[in-house]
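Got a structure for you, questions after.
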Amino acid sequence: MATLESLVEAIEERSAALGTLGYKVRFDIAEGGSILVDATGPQAVITTDGGEADTVLKMKSDNLKKLIEGRLNPMIAFSTGRLKVQGSQGVALKLAGLLDKN
């Protein structure tokens, strides 16, 4: 199981690319905790405080780690139920594409 801290670090490594997203996205981790990516400003801000988001992605921590590392295709994760999306699916796909750009 990936820790919340390791997931935040992995997302922060891609914060430069995430700054172009233009939305707030929250990852709700099945094992507990959440990560909010606020990319509405000039630079993405990543916190574990939760909060309101335009799109919420729900998944297990290991699946989020695989998604960030590019080892899990977001469309496959969604179609197999490993990823649940509340809100705009377009924003979720755009985010997944930005995370995958290593």
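For segment 42-60, check the following and say yes or no: at least one residue is within 14 Å of G97 (Cα to Cα) and not in a strand (DSSP E or B).
Among the residues of segment 42-60, not one is within 14 Å of G97 (Cα to Cα) and not in a strand (DSSP E or B), which makes the answer no.
Right, here's the next one. With respect to I76, is the statement that it is in a helix (DSSP H, G or I), within 15 Å of R14 (Cβ to Cβ) and β-branched (V, I, T) true? Spell out the reasoning first.
Details: in a helix (DSSP H, G or I): yes; within 15 Å of R14 (Cβ to Cβ): no; β-branched (V, I, T): yes.
So I76 fails the test.
Among the residues in segment 73-85, are any among the β-branched types (V, I, T) and under 17 Å from A2 (Cβ atoms)? Can you show your working first?
From segment 73-85, those among the β-branched types (V, I, T) are 76, 80, 85; that's our starting set.
Now narrow it down to the ones that are under 17 Å from A2 (Cβ atoms): none.
Scanning segment 73-85 turns up no residue that is among the β-branched types (V, I, T) and under 17 Å from A2 (Cβ atoms).
Under 7 Å by Cβ, and 6 or more places apart or on different chains, what pairs join a residue from segment 1-30 that is aromatic (F, W, Y) and at pLDDT 90 or above with one that is loosely packed, with under 15 Cβ neighbours inside 10 Å and assigned to a loop (DSSP other than H, G, I, E, B)?
Close Cβ pairs (under 7 Å, with a partner that is loosely packed, with under 15 Cβ neighbours inside 10 Å and assigned to a loop (DSSP other than H, G, I, E, B)) amount to Y23/T40.
Test A17 against the criterion of being small (G, A, S) and either part of a loop (DSSP other than H, G, I, E, B) or surrounded by fewer than 14 Cβ atoms within 10 Å (Cβ to Cβ) (or both), and give yes or no.
Here the answer is no, as A17 does not meet what is asked.
On to the next question. Can you name the residue in segment 56-82 that is under 10 Å from the mean Cα position of the chain (by Cα) and in contact (Cβ under 8 Å) with a residue 60 or more places away in the chain and, of all such residues, is surrounded by the most Cβ atoms within 10 Å (Cβ to Cβ)?
L64
For segment 20-37, how many residues meet the condition of being outside any strand (DSSP E or B) and over 16 Å from L67 (Cα atoms)? Outline the logic, then answer.
Initial filter on segment 20-37 (outside any strand (DSSP E or B)): 20-23, 30-33.
Restricting the remaining residues to those that are over 16 Å from L67 (Cα atoms) gives 20-23, 31-33.
Final tally of qualifying residues: 7.
Continuing with this model, one more query. Test L7 against the criterion of being within 19 Å of R82 (Cα to Cα), in contact with a Phe, Trp or Tyr (Cβ under 8 Å, 6 or more places away or on another chain) and crowded, with 17+ Cβ neighbours inside 10 Å, and give yes or no.
In short, yes.
Check V91, V85 and return the single one that is surrounded by 15 or more Cβ atoms within 10 Å (Cβ to Cβ), in a strand (DSSP E or B) and out of contact with any Lys or Arg (no Cβ under 7 Å at 6 or more places or on another chain).
Criteria check complete, one pass: V85.
Still on this structure, please answer the following. Quick check on I68: is it of a type in the set (A, V, I, L, M) and touching a helix residue (DSSP H, G or I) at 6+ places or on another chain (Cβ under 8 Å)?
The answer is yes for I68.
The values are calculated or read from the model by the stated rules, or taken from the named source; none is laboratory data. Bear in mind that the values here come from a model prediction, so they are computed numbers and not experimental data. Because the Cβ atoms are built from the backbone with ideal geometry, glycine has one as well, and the counts that use them run over all protein chains shown.
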